Amino acid sequence: MSHFEQDKHSNLLPSQPSDFSQIVEKGLSRRRFLQASAATSSVAFFAASPIANAMARPPQSQALLGFEAIPISTQDTVIVPKGYQAEPLITWGDAIHPNAAAFSQTNSAVDQENQFGDNNDGMTFLPLSHNRAVLAVNNESTDYETLFEDHGKTLTAEKVRRSQAAVGVSIVELTKGQQGWKTNVDGRLNRRITAYTEMQLTGPAAGDDKLKTNADPTGTKVLGTFNNCANGSTPWGTYLTCEENFNGFFGSQNPIDVPIEDARYGISSGNGGFNWHQFDERFDIEKEPNENHRHGWVVEIDPMNPQSTPKKRTALGRFKHENAALTIDKNGRVVVYLGDDERGEHIYKFVSKSKYNEHKPEKNRDLLDEGTLYVAKFNAQGGELQGKGEWIELTFGKNGLTPQNGFTSQADVLIFTRQAATQVGATTMDRPEWVAINPKSEQVFCTLTNNKYRGVREGQEVNDANPRENNIYGHIIRWQPKNGKHSSDSFTWDIYVLAGNPEQYAENDLRSGSDNINKTNMFNSPDGIGFDNAGRLWIQTDGDYSNTGDFSGMGNNQMLCGDPNSGEIKRFLTGPNGCEITGLTFSPDNRTLFVGIQHPSDGFSMMDGVPRSTVMKITREDGGIIGA
Ligand code: FEO
Ligand code: CA
Ligand code: CA
Ligand code: CA
């Protein structure tokens, strides 16, 4: 085991006296406690803790983060450190096929199908050669305010179709020349996947009665994907797009009683937000009560074949998927970590039945169809903000997933994964967003973006892994699988960072954040995360950018870079007004970084009077490695 190690700031790791939980309740921070205890016995505590021992490692000789940190910003532009440059690569409405119409708020659905989609989110750079690549990008959503000239005041069938064409996935070829990576509008792999692209449901739940509709009595053929949040990719060259808040696209013309199992997923009678159901019966839950069960999955796409049918992999469970962090375990099995982004929901792990075959790519094609899904339980250790955890198997017939408790098959467990997780006693988390695996160790990180219900709602009591009530700033938890094996059923965990505001809150208040947060690097609501080849942890925010009150001194949404070993965090990028920063991927040499600017509010990438989501390309003026 490993490179897992102690955060040098030590605020979260050394052992605590057993009454530490009471100290937290009284509002005395770990930091103050540790300062008090350091002089006397922290060495003894440290030595006594098996977790701390496992994490001990000599300090690094050279700083991992070589760039000059930038201050916060409230400017309507993208700012990067000295010696770096940020340029738009592709923007919502840009043509991805020759002869596509130029962007306009009066574009047709067909026009939009030939353009880069709206609200770019998670993305993956897939190299084809040294100067040719494919960029697969999620288009999470669309905003009627900017999509339509009348800002969505009226809706028509054609407008709904355009909205359905604006979401999904965009696949765009890139070529590298003198000016670095550029999009190639003529690329033969360029493709739009929308809410109407034909897909296949695969894996254990495919064909189940609860997946059958009037249009598809087989329960295996689905049209489309939408609310594609974050992503993943596989070593066999496919792209994973993750369906998140699909519920917002369903509604009903008539008020109806929504089945309780669907209500758990946010399905509601009336207007779900996008009003697709008013012009498209597929999205009317009264007329098609099972259509919503066909969304909320991880979809595997072969970006190298524009004719390929995307596959919804039911073995990975149905929930509001954020991303899919995939690795090959030491034993050859594919392990995928998955977060469910909702207050009080859970963190999951899939382990494939068969092993990855490096030499026969065709053998890997359906690895994600068979395996075991688990959900995480983070065990408390008396207020220590660290502890042990276990993965609880979500298999029909085990752990109470039985007919007595409402589960009649593995399909039930997978279609209603949230209910299965509750049944087995999974830990409720503060909105799990992205998961990222450190390539330099077996450490796994997950952003818990925020949770206003923590400590307020039943079942969401404060616990060691989610230690703050009304968690407005969010935190990043991390775990180390037992023996460094991602397929093992237990782990140790601690908290990498508690975001907070040391300007607003005193050091003895957990809202000031952990010790690696200070007045120059503070942020709120960590969301997108990813590692580069050297093991730098890149952190993106989707938070409150009001820059006042609890959030004063934080400015616009931003991207930071963290050293997973020392705990150091530095601000790398600040975004334009109103945007969230989401989506990151590197060229294999780590000399180009692609970053998503989602839903800017003012003048950013303006065309036809419309601010537009954009993928930025970031390089160093000296051509060096990003972040070094
Ligand atoms: Fe689409 Fe949870 O962010
Ligand atoms: Ca997100
Ligand atoms: Ca978010
Ligand atoms: Ca978003």
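Does segment 390-410 contain any residue that is within 16 Å of ligand 1 (Cβ to nearest atom) and either out of contact with any helix residue (DSSP H, G or I) (no Cβ under 7 Å at 6 or more places or on another chain) or open to solvent by less than 10 Å² (accessible area, probe 1.4 Å) (or both)? Reasoning before the result, please.
Looking only at segment 390-410, we keep the residues that are within 16 Å of ligand 1 (Cβ to nearest atom), and these are none.
No, that holds for no residue.
Looking at (1) out of contact with any Lys or Arg (no Cβ under 9 Å at 6 or more places or on another chain); (2) open to solvent by 20 Å² or more (accessible area, probe 1.4 Å); (3) in a strand (DSSP E or B), which is the one condition that is false for Glu149?
Going through the list (1) out of contact with any Lys or Arg (no Cβ under 9 Å at 6 or more places or on another chain); (2) open to solvent by 20 Å² or more (accessible area, probe 1.4 Å); (3) in a strand (DSSP E or B), Glu149 breaks only (3).
I'd like to know if segment 474-485 contains one or more residues that are among the charged types (D, E, K, R) and either touching a helix residue (DSSP H, G or I) at 6+ places or on another chain (Cβ under 6 Å) or closer than 20 Å to Ala426 by Cβ (or both).
Start the filter on segment 474-485 by keeping residues that are among the charged types (D, E, K, R), which leaves 478, 482, 485.
In the following step, the residues that additionally are either touching a helix residue (DSSP H, G or I) at 6+ places or on another chain (Cβ under 6 Å) or closer than 20 Å to Ala426 by Cβ (or both) were identified as 478, 482.
Checked segment 474-485: at least one residue is among the charged types (D, E, K, R) and either touching a helix residue (DSSP H, G or I) at 6+ places or on another chain (Cβ under 6 Å) or closer than 20 Å to Ala426 by Cβ (or both).
Each row is one residue, and each column tells you yes or no for (1) assigned to a helix (DSSP H, G or I); (2) farther than 23 Å from Gln419 by Cβ; (3) in contact with a helix residue (DSSP H, G or I) (Cβ under 9 Å, 6 or more places away or on another chain).
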site: Gly237; (1), (2), (3): no, yes, yes
site: Asn254; (1), (2), (3): no, yes, no
site: Ser269; (1), (2), (3): no, no, no
site: His277; (1), (2), (3): yes, yes, yes
site: Glu288; (1), (2), (3): no, no, yes
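Which residue pairs have Cβ atoms under 8 Å apart, sit 6 or more places apart or on different chains, and have a first residue in segment 505-517 that is on the phi > 0 side of the Ramachandran plot and a second that is buried (at least 16 other Cβ atoms within 10 Å of the Cβ) and of a type outside the set (A, V, I, L, M)?
Correct list of pairs: Gly513/Tyr473; Gly513/Gly500; Gly513/Asn501; Gly513/Pro502.
Can you tell which of Arg192, Arg188 is of a type in the set (Lys, Arg), touching a helix residue (DSSP H, G or I) at 6+ places or on another chain (Cβ under 9 Å) and touching a residue at least 12 places away in the same chain (Cβ under 8 Å)?
None of the others qualify; the one that does is Arg192.
Select, from Tyr337, Tyr348, Tyr374, the only residue that is touching a Phe, Trp or Tyr at 6+ places or on another chain (Cβ under 6 Å), aromatic (Phe, Trp, Tyr) and either buried (at least 19 other Cβ atoms within 10 Å of the Cβ) or within 20 Å of Ile495 (Cα to Cα) (or both).
Being touching a Phe, Trp or Tyr at 6+ places or on another chain (Cβ under 6 Å), aromatic (Phe, Trp, Tyr) and either buried (at least 19 other Cβ atoms within 10 Å of the Cβ) or within 20 Å of Ile495 (Cα to Cα) (or both) holds for just one of Tyr337, Tyr348, Tyr374, which is Tyr374.
Among the residues that make up segment 257-274, is at least one of them more than 26 Å from Thr156 (Cα to Cα), open to solvent by less than 10 Å² (accessible area, probe 1.4 Å) and within 16 Å of ligand 3 (Cβ to nearest atom)?
No, segment 257-274 contains no residue that is more than 26 Å from Thr156 (Cα to Cα), open to solvent by less than 10 Å² (accessible area, probe 1.4 Å) and within 16 Å of ligand 3 (Cβ to nearest atom).
Of all residues in segment 275-286, how many are without any contact (Cβ under 8 Å) to a residue 60 or more places away in the chain and open to solvent by 40 Å² or more (accessible area, probe 1.4 Å)?
2
Within segment 128-152, how many residues are more than 14 Å from ligand 1 (Cβ to nearest atom) and polar (S, T, N, Q)?
3
Would you please name the residue that is nearest to Met429 (Cα to Cα), looking only at residues in segment 302-361 that are of a type in the set (Lys, Arg) and assigned to a strand (DSSP E or B)?
Narrowing segment 302-361 to residues of a type in the set (Lys, Arg): 311-313, 318, 320, 330, 333, 343, 349, 353, 355, 360.
The next check asks that each one be assigned to a strand (DSSP E or B); those that pass are 311-313, 333, 343, 349, 353, 355.
Details: Lys311: 29, Lys312: 25, Arg313: 24, Arg333: 27, Arg343: 7, Lys349: 15, Lys353: 28, Lys355: 31 Å.
Among those that are of a type in the set (Lys, Arg) and assigned to a strand (DSSP E or B), it is Arg343.
With the checklist (1) in a helix (DSSP H, G or I); (2) at pLDDT below 95 in hand, flag the one item Gly382 doesn't pass.
With (1) in a helix (DSSP H, G or I); (2) at pLDDT below 95 applied to Gly382, the lone miss is (1).
For segment 110-123, which positions are in contact with a strand residue (DSSP E or B) (Cβ under 9 Å, 6 or more places away or on another chain) and either assigned to a helix (DSSP H, G or I) or within 16 Å of ligand 1 (Cβ to nearest atom) (or both)?
Gln112, Glu113, Gly117, Asp118, Asn119, Asn120, Asp121, Gly122, Met123
Where in segment 528-612 are the strands (runs of 3 or more DSSP E), entirely inside, with at least 3 residues that are open to solvent by less than 10 Å² (accessible area, probe 1.4 Å) and within 16 Å of ligand 2 (Cβ to nearest atom)?
Details: elements: 537-541, 558-562, 569-574, 580-586, 592-598.
Those strands (runs of 3 or more DSSP E) span 537-541, 558-562, 580-586, 592-598.
If I go through segment 414-456 residue by residue, how many of them are assigned to a helix (DSSP H, G or I) and either open to solvent by less than 10 Å² (accessible area, probe 1.4 Å) or within 14 Å of ligand 2 (Cβ to nearest atom) (or both)? Walk me through it before giving the result.
Here is the first cut: in segment 414-456, the ones assigned to a helix (DSSP H, G or I) are 414-415, 417-423.
Imposing the further condition that a residue be either open to solvent by less than 10 Å² (accessible area, probe 1.4 Å) or within 14 Å of ligand 2 (Cβ to nearest atom) (or both) reduces the set to 414-415, 417-418, 420-421.
Selection size over segment 414-456: 6.
Within the set of pairs 6+ apart or on separate chains, which have a first residue in segment 536-562 that is modelled with pLDDT under 95, a second that is open to solvent by 10 Å² or more (accessible area, probe 1.4 Å) and more than 16 Å from ligand 1 (Cβ to nearest atom), and C-beta atoms under 6 Å apart?
Short answer, once both residue conditions are applied: none.
Would you please name the residue that is nearest to the chain's Cα centre (by Cα), looking only at residues in segment 214-229 that are assigned to a loop (DSSP other than H, G, I, E, B) and surrounded by 20 or more Cβ atoms within 10 Å (Cβ to Cβ)?
Per the stated criteria, the residue is Asn227.
Can you tell me which condition Phe250 does not meet? The list is (1) more than 23 Å from Asp143 (Cβ to Cβ); (2) more than 16 Å from ligand 1 (Cβ to nearest atom); (3) of a type outside the set (D, E, K, R), and all the others hold.
Failing condition for Phe250: (1).
Which condition does Gly66 not pass, out of (1) touching a residue at least 40 places away in the same chain (Cβ under 8 Å); (2) of a type outside the set (Phe, Trp, Tyr); (3) open to solvent by 30 Å² or more (accessible area, probe 1.4 Å); (4) touching a strand residue (DSSP E or B) at 6+ places or on another chain (Cβ under 9 Å), if it passes all the others?
Here Gly66 meets the rest and fails (4).
Give me a count of the residues in segment 541-568 that are under 22 Å from Gln62 (Cα atoms) and either away from ligand 3 (no atom under 16 Å from the Cβ) or of a type in the set (D, E, K, R) (or both).
Selection size over segment 541-568: 8.
Taking the criterion of being within 16 Å of ligand 1 (Cβ to nearest atom) and of a type in the set (Ser, Thr, Tyr), would at least one residue in segment 193-210 satisfy it?
Taking every residue of segment 193-210 in turn, none turns out to be within 16 Å of ligand 1 (Cβ to nearest atom) and of a type in the set (Ser, Thr, Tyr).
Filtering segment 230-267 down to residues that are of a type in the set (Gly, Ala, Ser) and under 24 Å from the mean Cα position of the chain (by Cα), which residue is farthest from Asp412 (Cα to Cα)?
This residue is Gly237.
Quick check, is Ile477 within 16 Å of ligand 4 (Cβ to nearest atom), in contact (Cβ under 8 Å) with a residue 12 or more places away in the chain, β-branched (Val, Ile, Thr) and in a strand (DSSP E or B)?
So Ile477 fails the test.
Could you list all residues from segment 289-301 that are surrounded by fewer than 19 Cβ atoms within 10 Å (Cβ to Cβ) and either out of contact with any Lys or Arg (no Cβ under 8 Å at 6 or more places or on another chain) or acidic (Asp, Glu) (or both)? First the steps, then the outcome.
Applying the first criterion (surrounded by fewer than 19 Cβ atoms within 10 Å (Cβ to Cβ)) to segment 289-301 yields 289-290.
Of everything in segment 289-301, just one residue is surrounded by fewer than 19 Cβ atoms within 10 Å (Cβ to Cβ) and either out of contact with any Lys or Arg (no Cβ under 8 Å at 6 or more places or on another chain) or acidic (Asp, Glu) (or both), namely Pro289.
Which condition number in (1) on the phi < 0 side of the Ramachandran plot; (2) within 16 Å of ligand 4 (Cβ to nearest atom); (3) without any contact (Cβ under 8 Å) to a residue 60 or more places away in the chain is the one that Pro526 fails?
Going through the list (1) on the phi < 0 side of the Ramachandran plot; (2) within 16 Å of ligand 4 (Cβ to nearest atom); (3) without any contact (Cβ under 8 Å) to a residue 60 or more places away in the chain, Pro526 breaks only (3).
The values are calculated or read from the model by the stated rules, or taken from the named source; none is laboratory data. Given the structure is predicted, the values throughout are model-derived calculations rather than measurements. Reconstructed Cβ throughout: ideal geometry from the backbone, glycine too, with neighbour counts over all protein chains shown. Protein only, heavy atoms only, side chains kept; ligands, DNA and RNA dropped before computing areas. Shrake-Rupley method; radii C 1.70, N 1.55, O 1.52, S 1.80 Å.
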